[in-house]
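Engineer: After the structure tokens below, expect a handful of questions from me.
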Amino acid sequence: MKNNIFFSTLLLAFLVAFANTGNAQAPGFQGKRFAIGVMTSPSVYYDQFSALYEYYSGSSRIKLSFKHSLSFAFAAGRSTTIAANIGFARQNYNFGLTFDGPYSEQYGTYQAYYYTGSDPLKSYTESRIKTNMLTLGVSIRKYTGAFIAPIGKYLELGIGQVRLNVKTENDSLPYFYYNYDFRNNASLVLPEKVFRATYISIRSGNNVPLKHNFALDYSFGMSLFFNGSYKETYSNLIPSQTPIAELSYNSFFNILGKNLRRQNLLDLRIGLSYLF
Amino acid sequence: MFFRIQIWFAFFALLGVQSGLAQTYQPLRCSGPIPADFRTLSVTKFEQDKSDEKKAKTAREEKNRDEFLLNTNYLIDDLLLSGKVLFGDPVTVYVNQIADRVLADQPELREKLRFYCLKSPQANAFCTDQGIIFVTLGLIAQLENEAQLAFVLSHEISHYEKRHTLNSYLEQEAIFSDNQSYKYNSYEDRIAKASTYSKSLELDADSLGLIRLSRTSYSCEEALNSLFVLQFSHLPFNEIVFKFDAFENSLMKIPDALQLDSIAAIDFSTDEEDDKFSTHPNMATRRKRMETQLAALNNCGLNKFVGSSASFDAAQLAAREEVIRLQLLDRNYVDAFYNAYVMLETDSQNIHAQTFMAKALYGMAKYSNAGLYSDISTSYKKIEGESQRAAFFFRQLEPEQLHIIALRFLFDVCKQNPSPTLMAMRDDLCSDLIFMQQINLERLSEAKENYITQEKSKKDTLAVAEQKNTDTKQDDPEEKKYVSKYDKLRKDKKEQEVVKQREATKEEVIFHLLAFADVLDDPELKNMFASAQIAADMKADLAAEKEGSSKKMSEYEYRKQQKQQKKQYKKGEAPNLGIDSVVFVDPFFFEVDERKGLRLVKSEAKLLQFSQQIGENASLAGLNYQILDPKKFAENEVDRFNDMAAINDWIGERLDHEEVEMIPLESEYATPVAEKYGTDHFCYTGVFSYKQQRENRGSIILVSILYFPILPFGIYYAMSPIYETNYYTLVYNVKTGKQEMSHVVTMKSKSKKGYLDSQMYDVMKRMKNKKRNTKKK
């Protein structure tokens, strides 16, 4: 249902764009109306899984990630382009967890949790979460100030979907849950690892022509995510009371969602396009 | 030997003039190889001049000097490449011959100097620090003899020798610099100081010029006379009583009310005018100094002419004709008309003079019809001398009267010189007469008949009335003895009736309708009116259609149309023209930085690139093109240089006729160029870019500080300058005289090559694209 809404919105956006630009003459850049480009947008994020961060050494809290994307644009009007883009990003979160309960060899030697030492009833585990993000979107660019698409300063409105693939290193966290708490309810332990969300974005940028039909594209943008599926899934599945002292699954994915929003709220994108 | 060459020159010059008289006037054209002055880049000249200079005393002086060299080189090159400077033409060749004579004893100095004529109707000469001396055609047109020209050249040579231009600049910089402010009480003091310095240089040049002249066989007395010439050079070529014969015929007479009884006397008091803030001393001072100096010079020559006076006359005739053309170009129609009138008085067969007069009348009639006569005329009260009569006459004429008088004049001139342009002007006026004034041949014939009838009845009425009066007086001798009050009143009443009748018959006669009274049976006139009727009908249809469509349009549709037009303008869309070939003339590129001033070196480099871009984009758009770029002419491309000058003049004139739909007078000279290049379309294109600091930078940063997260952006925004690049394209059709494209795009960015390429391609594609059918029937 959600996918249907998403694709209907995309289709509507394209129809509106074509309806507005179909009759206008599109000279392009010296007759070149298509552009294919590779972009990257660096972003800084803060590792939010820091409740027990002090126990995990060897990593910085401030992290840099790059979202790489590939775009294809078509000058549909004199000052309008329609673009489709696909983006990739990878982010890692390190965290440690303290939980109630003593360390015991009986749960397997490969598990990363261990006894903290100070309190016989407290144990600790650390893990790394890897997220692979894939975005798919379409956008309409309006070239402002008499610039002719696809060259010059522009404003871009976009809509798309993000797909976040979450992996926990060694599956230690779910395994821990399985062994420790939910041994009788295995279906709840392994989380659904793919999350989806829809976003809309607005950007302001500039396509500066270089030599040999290449153009430098830089822009500054803002994205708003909504309709995230991660929160819903886990708030329903994970009981609010867990034996984990510091972090529940629920709050874990909420934090992940927050991170996603914060990171993409404002971003700077730079890339190279080839016009043809 | 030298004398013989002069005779040959005079002979050929006269031959040229004589043979040219039978045909259309041809403007002065450059000839021979293009001199290096025109072909060398300004930046190269600047670097060369800079390296030739010795080290200045202070760093500030050196900076000022470099600035001067840079600015003058670019400024002079702008002038040289504008098409307004002549080389190799008969007048410039003549000026160079005189310069040879003046500098016969200084061959080294002669080699350094270059003399060119400047196409300007003003009488002036000036020299540059680079060794170029410009003499205007207006000056040649006014001088009385060769010796006077020799003195003017001697004066300018002295300026060059003493580097007065540079010294004057440095002095001014020093006077107006801030660190000198303590020396002066006010800005006026500074101007007065600069003026005093400039005047001292002028007197110095006069003195040195006179000494140089005394070394030749020219009469030094003529130096004094040349000052007199300069003083009154604003007056026409001669002072001749302006008569109205040319407009009159057996039936039509110009009414007395249109003729000025007395003219304003020429003001000779300008001799001693206040020169406190002038660059030149007043004439009295100069003359006085010169007279003193002359008294001390013993061995002065006596010749007004060293060469033949025929050479001078030929050069002057050429200069005078060109000056009239330039006055027409400047829309100074009354002066052009009067000067041509003066020439015609000297030579009644001068077809060029008649053509100039006809063109001037055409221009005046068109502006008068458009209600814009004041755009092309100054108040006749400000004019001195005989030309005031002409100015008064044309000013007093109603548009309809001026229109018909101009048409009659053109009709006569076209009979002698049926050039296509003149014929087109004649036909244009004739169709306008029918369309705008509703005057056709029938009405003219009717007016003639009415006039004849009225004249007859007037005579009869007057005769009867006067007879009655006489009878009353003669037949009743008794009444002479006793005249009652009522008899007197009766008599007065009768007399008043006679006067009223006289005035009534006067009012009924509209004199200008008789302009064609003597040629109404001429088949050529009938043909002219017949074809004009068709053109007038077309004009009427077009106007009706326009009016009809606007009337039919509802308010909503009108608003929609306005909105669309606004949108198109906002988008920067140019109209489609559907043309295959175009000639780009004199491309322009200029960058200005608010802080650093004119970016001359950068602008020239970008201009060269811009010219190349024109070619690239025109090719991509599929246009056949040629570029007349003065910066890129080779030594042997003098014809292209002349072509560029002709088109520059045409477009310059066309731009002036912004609000008047008329055939540019220069069409006669531009049409052959269009034929040569195989296109009627000529394009002016260029870029003007400027950079300025953002205003209220402090406030922006302050606001950013208050909203802390946006501070980096605020600082970036406040500190980044504002760029604006304007790219313009004007396309004209020389054949129709129409402006087919007037397109300006303003980009808020630097003048980057890619951005310009994008715009240029779009505009050129629009030139190429066929016109859209705006109306579906």
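The values are calculated or read from the model by the stated rules, or taken from the named source; none is laboratory data. This structure is a prediction, so every number in the text was calculated from the model and none was measured. A quick note on method: Cβ atoms are made from the backbone with ideal geometry, for glycine too, and the neighbour counts reach across all protein chains shown.
Engineer: For residues that are of a type outside the set (A, V, I, L, M, F, W, C), part of a helix (DSSP H, G or I) and farther than 23 Å from B:Ser168 by Cβ, tally how many sit in the range B:289-302.
Structural biologist: 2
Engineer: When you scan the range A:36-45, do you find a residue that is out of contact with any Leu (no Cβ under 7 Å at 6 or more places or on another chain), within 22 Å of A:Leu265 (Cβ to Cβ) and modelled with pLDDT of 90 or more, even just one?
Structural biologist: yes
Engineer: Of all residues in the range B:41-66, which are assigned to a helix (DSSP H, G or I), closer than 30 Å to B:Asp629 by Cβ and out of contact with any Phe, Trp or Tyr (no Cβ under 7 Å at 6 or more places or on another chain)?
Structural biologist: Passing the criteria: B:Val43, B:Thr44, B:Lys45, B:Phe46, B:Glu47, B:Gln48, B:Asp49, B:Lys50, B:Ser51, B:Asp52, B:Asp66.
Engineer: Ok, one more. Check B:Pro709 against each of (1) under 36 Å from the mean Cα position of the chain (by Cα); (2) facing chain A (nearest Cβ under 10 Å); (3) surrounded by fewer than 18 Cβ atoms within 10 Å (Cβ to Cβ) and name the one condition it does not meet.
Structural biologist: Result: B:Pro709 passes all but (1).
Engineer: Taking the condition within 14 Å of another protein chain (Cβ to nearest Cβ), assigned to a helix (DSSP H, G or I), of a type in the set (A, V, I, L, M, F, W, C) and surrounded by fewer than 19 Cβ atoms within 10 Å (Cβ to Cβ), does B:Leu620 pass?
Structural biologist: Answer is yes for this residue.
Engineer: Quick check, is B:Ser749 in contact with a helix residue (DSSP H, G or I) (Cβ under 7 Å, 6 or more places away or on another chain) and within 10 Å of chain A (Cβ to nearest Cβ)?
Structural biologist: The answer is yes for B:Ser749.
Engineer: If only one of B:Tyr716, B:Tyr732, B:Tyr727 is aromatic (Phe, Trp, Tyr), more than 10 Å from chain A (Cβ to nearest Cβ) and touching a residue at least 12 places away in the same chain (Cβ under 8 Å), which one is it?
Structural biologist: B:Tyr732
Engineer: Among the residues of the range B:330-378, what is the count of those that are assigned to a loop (DSSP other than H, G, I, E, B) and over 18 Å from the mean Cα position of the chain (by Cα)?
Structural biologist: Total satisfying the criteria: 6.
Engineer: Still on this structure, please answer the following. Let me spell it out: the conditions are (1) more than 33 Å from the chain's Cα centre (by Cα); (2) crowded, with 18+ Cβ neighbours inside 10 Å, and B:Ile211 meets all of them except one. Which number is the exception?
Structural biologist: (2)
Engineer: Would you be able to say whether some residue in the range B:341-359 is touching a Pro at 6+ places or on another chain (Cβ under 8 Å) and charged (D, E, K, R)?
Structural biologist: no
Engineer: Right, next: Checking the conditions here, which among B:Val241, B:Val229 is under 27 Å from B:Gln316 (Cβ atoms), among the aliphatic types (A, V, I, L, M) and surrounded by 14 or more Cβ atoms within 10 Å (Cβ to Cβ)?
Structural biologist: So the residue among B:Val241, B:Val229 that is under 27 Å from B:Gln316 (Cβ atoms), among the aliphatic types (A, V, I, L, M) and surrounded by 14 or more Cβ atoms within 10 Å (Cβ to Cβ) is B:Val229.
Engineer: Okay, next question. For the range B:92-113, check the following and say yes or no: at least one residue is surrounded by fewer than 23 Cβ atoms within 10 Å (Cβ to Cβ), assigned by TED's automatic domain parsing to the domain that holds B:Asp204 and of a type in the set (Ser, Thr, Tyr).
Structural biologist: no
Engineer: Something else about it: Which is within 24 Å of B:Ala336 (Cα to Cα) and over 31 Å from the mean Cα position of the chain (by Cα), of B:Asn303, B:Asn249, B:Asn298?
Structural biologist: B:Asn249
Engineer: Would you mention how many residues in the range A:131-158 are under 27 Å from the mean Cα position of the chain (by Cα) and at pLDDT below 90?
Structural biologist: Counting residues in the range A:131-158 that are under 27 Å from the mean Cα position of the chain (by Cα) and at pLDDT below 90 gives 3.
Engineer: Show the residue pairs that are 6+ apart or on different chains and have beta-carbon atoms under 6 Å apart, the first residue being within the range B:515-534 and in a helix (DSSP H, G or I), the second being small (Gly, Ala, Ser) and surrounded by 15 or more Cβ atoms within 10 Å (Cβ to Cβ).
Structural biologist: B:Ala532/B:Ser431
Engineer: Now for a separate question. Within the range B:580-611, which residues are assigned to a helix (DSSP H, G or I) and either loosely packed, with under 15 Cβ neighbours inside 10 Å or hydrophobic (A, V, I, L, M, F, W, C) (or both)?
Structural biologist: Within the range B:580-611, B:Leu600, B:Val601, B:Ala605, B:Leu607, B:Leu608, B:Gln609, B:Phe610 qualify.
Engineer: Another question, if that's okay. Does B:Tyr690 satisfy being within 14 Å of chain A (Cβ to nearest Cβ), in contact (Cβ under 8 Å) with a residue 40 or more places away in the chain and under 30 Å from B:Ser758 (Cα atoms)?
Structural biologist: no
Engineer: Out of B:Ser233, B:Ser250, B:Ser200, which single residue is out of contact with any His (no Cβ under 7 Å at 6 or more places or on another chain), among the small types (Gly, Ala, Ser) and at pLDDT 90 or above?
Structural biologist: Just one listed residue meets the conditions, B:Ser233.
Engineer: Considering every residue within the range B:578-589, establish whether at least one is modelled with pLDDT of 95 or more, under 25 Å from A:Gln30 (Cβ atoms) and in contact with a Lys or Arg (Cβ under 6 Å, 6 or more places away or on another chain).
Structural biologist: yes
Engineer: Picking from B:Lys84, B:Lys45, which residue would you name as being among the charged types (D, E, K, R) and either more than 29 Å from the chain's Cα centre (by Cα) or closer than 30 Å to B:Gln416 by Cβ (or both)?
Structural biologist: B:Lys45
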